[in-house]
1. Among residues belonging to region 210-241 that are among the polar types (S, T, N, Q) and assigned to a helix (DSSP H, G or I), point out the one that is nearest to Glu74 (Cα to Cα).
2. Pull up region 86-102, narrow it to residues that are assigned to a loop (DSSP other than H, G, I, E, B), among the small types (Gly, Ala, Ser) and exposed (fewer than 12 other Cβ atoms within 10 Å of the Cβ), then point me to the one that is modelled with the highest pLDDT.
3. Quick one: how many residues across region 152-163 are open to solvent by 40 Å² or more (accessible area, probe 1.4 Å) and touching a residue at least 40 places away in the same chain (Cβ under 8 Å)?
4. Quick one: which helices (runs of 4 or more DSSP H) sit completely within region 103-177 and have at least 2 residues that are among the β-branched types (Val, Ile, Thr)?
5. Tell me whether region 52-62 contains one or more residues that are surrounded by 16 or more Cβ atoms within 10 Å (Cβ to Cβ) and at pLDDT below 90.
6. Do we have Ile77 as more than 25 Å from Tyr172 (Cα to Cα) and either exposed (fewer than 12 other Cβ atoms within 10 Å of the Cβ) or in contact (Cβ under 8 Å) with a residue 12 or more places away in the chain (or both) here?
7. Of the residues Asn139, Asn149, Asn130, only one is over 26 Å from Glu236 (Cβ atoms) and either without any contact (Cβ under 8 Å) to a residue 24 or more places away in the chain or surrounded by fewer than 16 Cβ atoms within 10 Å (Cβ to Cβ) (or both); which?
8. Take the residues of region 104-124 that are in contact with a Phe, Trp or Tyr (Cβ under 7 Å, 6 or more places away or on another chain) and surrounded by 14 or more Cβ atoms within 10 Å (Cβ to Cβ): which is modelled with the highest pLDDT?
Amino acid sequence: MRVFKHLRSDWFRYGFETLAVIVGILSAFALENWRDTQRVKEEEHEILVNLLNDLRIAEQQSITFLDQENALREYLILALNQKSSYDSLSQAFYSDSIFYNMIWQLEMDVPIIHSYSDIMNTGKSGLITNEQTRQRFTNLEFSISNLRNQIYDRLRVQLLRIDEIFVHDLNYVRMISLRYPEISTDSEMENDYQSILNIQRIRNLIAIKLNLTHEVINYRKALDEEIQSLISLLEEELSSHDI
């Protein structure tokens, strides 16, 4: 009887020790899982903060690019309206500098979001748990690609057709001297921009550039709205992020 009591006591002790070991192992697993979860949450939080900061920079870039595109658009419209606006246009409008920028210049840049490229290249996009956020960034990447294609289309037309104005109709030496002041223009014939803008072929080429620029502006505006919307989404998500 005493032996039975001794064995029963040993079983209770062994059972308690085994249970303690199991509880300890489970607690260690739970603690490690909690730590892993926290690390993932912290990494996701850092990714979202970096994306938000990049989006804010991209928004400022977008505003700058839009301002430059709109300035070009206004010059192109003024040039095409010069017949009806002749009396109201300043003589300063008919200058080498304005026509150089109007015909030659193109805004080629698009907003860049470095952190998104980084997480895609490192395969960390899965750390963004919000499906809507991931999808919105995929859409944003697609929109940037479409804008870039539209810009390249305008550049091809510029190179193939519009640049010929410099070769056939303008004294480009005078215009390039704006960038290279060491070039003497004393013997160079001045450009008669009022007469040049009466040539239908040139007016048509400027109208083509205006149309392409207007399309690029529409793409830029849509992208700008998309960036602003994503900024609001990330700000809301980060405000409720629990880390």
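1. Looking only at region 210-241, we keep the residues that are among the polar types (S, T, N, Q), and these are 211, 213, 218, 228-229, 232, 239-240.
Okay, now just the ones that are also assigned to a helix (DSSP H, G or I), so 211, 213, 218, 228-229, 232, 239.
On the way: Asn211: 12, Thr213: 11, Asn218: 15, Gln228: 25, Ser229: 28, Ser232: 31, Ser239: 41 Å.
Result: Thr213.
2. Of region 86-102, the ones assigned to a loop (DSSP other than H, G, I, E, B) are 86-90, 94-95.
The next check asks that each one be among the small types (Gly, Ala, Ser); those that pass are 88, 90, 95.
Keeping just the survivors that are exposed (fewer than 12 other Cβ atoms within 10 Å of the Cβ) gives 88, 90.
Numbers: Ser88: 65, Ser90: 72.
It comes out as Ser90.
3. Pass one, region 152-163, residues open to solvent by 40 Å² or more (accessible area, probe 1.4 Å): 152-153, 155-157, 159-161.
Keeping just the survivors that are touching a residue at least 40 places away in the same chain (Cβ under 8 Å) gives 153, 155, 157, 161.
Total meeting the criteria: 4.
4. Values: elements: 114-121, 131-157, 164-168, 172-176.
Output list reads 131-157, 164-168, 172-176.
5. The answer is no; no qualifying residue exists.
6. Numbers: more than 25 Å from Tyr172 (Cα to Cα): no; either exposed (fewer than 12 other Cβ atoms within 10 Å of the Cβ) or in contact (Cβ under 8 Å) with a residue 12 or more places away in the chain (or both): yes.
In short, no.
7. On the way: Asn139 fails: over 26 Å from Glu236 (Cβ atoms); Asn130 fails: over 26 Å from Glu236 (Cβ atoms).
Within the list Asn139, Asn149, Asn130, the selection yields Asn149.
8. Step one: filter region 104-124 for residues in contact with a Phe, Trp or Tyr (Cβ under 7 Å, 6 or more places away or on another chain), giving 107, 109, 116.
With surrounded by 14 or more Cβ atoms within 10 Å (Cβ to Cβ) added as a condition, the list becomes 107, 116.
On the way: Glu107: 94, Tyr116: 86.
Filtering region 104-124 for residues that are in contact with a Phe, Trp or Tyr (Cβ under 7 Å, 6 or more places away or on another chain) and surrounded by 14 or more Cβ atoms within 10 Å (Cβ to Cβ), the one modelled with the highest pLDDT comes out as Glu107.
The values are calculated or read from the model by the stated rules, or taken from the named source; none is laboratory data. Predicted model only: the values in this text are computed from it and were never measured. Note that we place each Cβ from the backbone using ideal geometry, even for glycine, and neighbour counts take in every protein chain shown. SASA here: full protein model, heavy atoms, side chains in, ligands and nucleic acids out. Shrake-Rupley method; radii C 1.70, N 1.55, O 1.52, S 1.80 Å.
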